[in-house]
1. For the stretch 1-30, give me each residue that is closer than 17 Å to Met330 by Cα and modelled with pLDDT under 80.
2. Name the pairs: first residue in the stretch 110-138 and open to solvent by 20 Å² or more (accessible area, probe 1.4 Å), second residue outside any helix (DSSP H, G or I) and of a type in the set (Asp, Glu), Cβ to Cβ under 9 Å, at least 6 apart or on different chains?
3. Determine which single condition Gly226 fails, assuming it passes every other condition in (1) in contact (Cβ under 8 Å) with a residue 24 or more places away in the chain; (2) out of contact with any helix residue (DSSP H, G or I) (no Cβ under 8 Å at 6 or more places or on another chain).
4. For the stretch 185-207, what are the residues that are at pLDDT below 90, surrounded by fewer than 17 Cβ atoms within 10 Å (Cβ to Cβ) and either under 14 Å from Val83 (Cα atoms) or hydrophobic (A, V, I, L, M, F, W, C) (or both)?
5. Could you check the stretch 383-410 and list, in sequence order, the residues that are surrounded by fewer than 16 Cβ atoms within 10 Å (Cβ to Cβ), modelled with pLDDT of 80 or more and of a type in the set (Gly, Ala, Ser)?
6. Filter the stretch 73-94 for residues that are more than 15 Å from Thr27 (Cα to Cα), in a helix (DSSP H, G or I) and small (Gly, Ala, Ser) and give the result.
7. Can you tell me which of (1) under 27 Å from Glu9 (Cα atoms); (2) at pLDDT 80 or above is the one Ser216 doesn't meet?
Amino acid sequence: MESTAPVGEARRVLALSSLGHFINDGTVFFVPVIAALLSPVRGFSPLDVTVLFAVYYITSAILGLWVGWWADRRGRPAYLMAVGIGLLGAGLFLFYVVLAGWAGPVEYPVALLAGGVTGLAASFYHPLGASLIQRAFHPEQHGVAMGINGALGSIGRASYPVLFFLITLAVVTSDAILLFAGIGVLAAFVIAYGLHSLIVAERNASPSADTRAGRSVTGGIIRLTGVSFVRSVASQGVAVWIPTYLTAVRGVPATGSLGLAVAVMYVGGIVGQPFFGLLADRFDRRMLIGIASAGSALTTLGYLVTAGVPADALLFMMGFFMFSAFPLLMTLSAEYVPSGSSSLANAAVFGLGSGGGGTVGPLIVGAIAAGGYAMLTTGFEAMAILGIVSAFLVLVLPAPRRRRRGLLFG
């Protein structure tokens, strides 16, 4: 998959796709915060919120395959990426309608619609953003480009809750949601405008005559999806429950102190993604996935038996290893499919693999901790063991194509 994009266009693709990653991950990790507001503000029951989460996560995981297939068939990842970011804004607007009390007697159906629209929108970015970078850069440059892009996603993930807190100091909660919806729509227009020439070229290109799933769902992609799933079960089973663990087990107050503690983990991801992206252009990407999985597991075990500054350092390292999926998985997925079939492959690896595992992992830990929050420690230990298993599962991955070394933007 050789790069055909001029240097200036490649940089523009990286900058605007990174903006999309910032908005996407910020919104995706913000949805649980919105769901938590529905109980006290609109009186939604725990079952109501659980069903809403199910609609959101299932829609995101399943429809990502359709989005990836459509992008490959029509050859329009840039256009569809902008559409997906716009839909994120639309989904947040629907949540605003519910929180503001505008939906009246149909507020729960509207909330479910908001979850579905936001889940659909969340399925767009990762396969399409990765596909754009894979097309714009030479394979030798994929790792660094994906790492830079992924770091912006991690920044969005870490900053949205902080921005929400700051904004709600000046406006009511529902108006803050409306502001984030507006940011999403505005970002979609910025991306579409910035990539206008690429979108026009996509529109004028002939659609792919061969849209068989077999072109994308190769043996390598199937195995990588399986490894991604197990890895994500282990890592997200811990990451999602960390805020609850901090408050219920370690006694961190549910105030700014909690936000600061969780931010330490997310900052680890901001540093880790460019680091692993850089290594991905120089070393075997399968080995790096194994190292990141083992690192996540071992730092989790260390965190459970430490306190104070050492525990904070290990929490940072947990994020450093955990949130390395995008640059490592998306650079390797491009090695297993022919040019023009990357979007569906990316959707399988990141949607069904990382997304599916990210849904199952927290459920397993939640089931283990059903008898009391003290059992979260046992749940984390189980996820760490599974993480070590996933580190060895990379041995089933086929060897990628031989790559030459190159320079970023060269």
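The values are calculated or read from the model by the stated rules, or taken from the named source; none is laboratory data. These figures come from a predicted structure and were not determined experimentally. Here Cβ is always computed from backbone atoms with ideal geometry, including for glycine, and neighbour counts include all displayed protein chains. To get the accessible areas, we keep the full protein, side chains included, count just its heavy atoms, and leave off ligands, DNA and RNA. Shrake-Rupley method; radii C 1.70, N 1.55, O 1.52, S 1.80 Å.
1. Met1, Glu2, Ser3
2. As it stands, the answer is His138/Glu2, since those pairs meet every condition given.
3. Here Gly226 meets the rest and fails (2).
4. His196, Val200, Ala201, Ala205
5. Hit for the stretch 383-410 is Ala399, nothing else.
6. Ala78
7. Unmet for Ser216, out of (1) under 27 Å from Glu9 (Cα atoms); (2) at pLDDT 80 or above: (2).
Rundown of residues vs (1) touching a Phe, Trp or Tyr at 6+ places or on another chain (Cβ under 9 Å); (2) surrounded by 24 or more Cβ atoms within 10 Å (Cβ to Cβ); (3) at pLDDT below 85; (4) of a type outside the set (S, T, N, Q), yes/no style:
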| residue | (1), (2), (3), (4) |
| --- | --- |
| Ala54 | no, no, yes, yes |
| Ser60 | no, yes, yes, no |
| Val83 | yes, no, no, yes |
| Leu87 | yes, no, no, yes |
| Leu94 | no, no, no, yes |
